[in-house]
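This report concerns only the one structure given below.
Where a number appears in this text, it was derived from the coordinates with a stated rule and is not lab data. None of the values given here were measured: they were computed from a predicted structure. Neighbour counts run over all protein chains shown; Cβ positions are idealised from the backbone, glycine included.
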Amino acid sequence: MSDANTLDFVPMAEADLEWIAAQDRLLYPYPWTAGNFADALQAGYSCWSVFEGQEQIGYAVLMMVLDEAHILNISVMKPHQGRGLGRRLLEHLAEVARSRGGRQLFLEVRPSNLPALALYDKAGFRQIGRRKGYYPAEGGREDALVMQLHL
Ligand SMILES: CC(C)(COP(=O)(O)OP(=O)(O)OC[C@H]1O[C@@H](n2cnc3c(N)ncnc32)[C@H](O)[C@@H]1OP(=O)(O)O)[C@@H](O)C(=O)NCCC(=O)NCCS
């Protein structure tokens, strides 16, 4: 697979939510529903679809609270993972957050999600906390690592 070319970051459209939720089911053991994405749009969160040419290769949801930005979802479709697109999506979210007065960027991640941890680590996030049993998991619950990046 070649390196990423130009990416277009387009505000997520209501009409795309069923399709995006179907992608989420391919990427996460406990995916968001189309209703969860609709709620995020309704709440005024910053919701993005990412295109490379005509093809949607990712999506993300960012919530701003005063000068804090929270990444609620960041996803790259499986066939396009490992091409540097997650990093570029993360950079886009950081830029959006900065442009809206964000000083810090936060997210939660499963300790078992090694690709995501690698991405965040390389982007300069540091772990600032751990929420016990935050996520549902097979046979019980899984902690969340809380990570922070100064913008
Ligand atoms: C996490 C995710 C967004 C990463 O996106 P990606 O496009 O595959 O990541 P990138 O190619 O931009 O990689 C960024 C860095 O992380 C590293 N990395 C990514 N996947 C990795 C893996 N499986 N193992 C080790 N390192 C990895 C890369 O080496 C890269 O570092 P480099 O630029 O120094 O080489 C993507 O895997 C994904 O959508 N996963 C499913 C959904 C998910 O779990 N989202 C995060 C929820 S918290």
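Data for the structure
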| read-out | value |
| --- | --- |
| Inter-label distance, nm, simple model (7 Å from Cα along the C-beta direction), LEU114/ARG25 | 2.8 nm |
| Whole-Hz couplings from phi, Karplus 6.51/-1.76/1.60, listed for region 129-136; x for Gly and Pro | x, 9, 9, 5, x, 6, 9, x |
| Per-residue ³J(HN,Hα) for region 48-54, Karplus 6.51 cos²θ - 1.76 cosθ + 1.60, θ = phi - 60°, Hz, x for Gly and Pro | 10, 9, 10, 10, 10, x, 8 |
| Anisotropy class of the chain from Cα gyration tensor, a/c 1.5 cut | rounded |
| Segment HIS150-LEU7, length gained on full extension (0.36 nm per residue, minus Cα span) | 49.0 nm |
| Gained length - GLU138 relative to MET77, 0.36 nm times residue gap less alpha-carbon distance | 19.7 nm |
| Peptide ranges 5-13, 54-62, 119-127 listed from the most packed, as the mean C-beta count within 10 angstrom indicates | 54-62, 119-127, 5-13 |
| For region 61-151, size of Cβ-based charge dipole, Lys and Arg +1, Asp and Glu -1, in debye | 140 debye |
| Centre separation in Å (Cα based) which lies between region 20-58 and region 108-151 | 20 Å |
| Packing rank of 20-26, 38-44, where each peptide gets the mean count of other beta carbons within 10 Å, highest leading | 20-26, 38-44 |
| Under-5 Å amide H pairs with TYR28, H placed in peptide plane, nonlocal only | none |
| Region 9-19 - phi-based ³J(HN,Hα) in whole Hz, Karplus 6.51/-1.76/1.60, Gly and Pro as x | 9, 10, x, 4, 9, 3, 5, 8, 5, 5, 5 |
| For region 8-150, share of DSSP beta bridges that run antiparallel, in % to the nearest 5 | 90 percent |
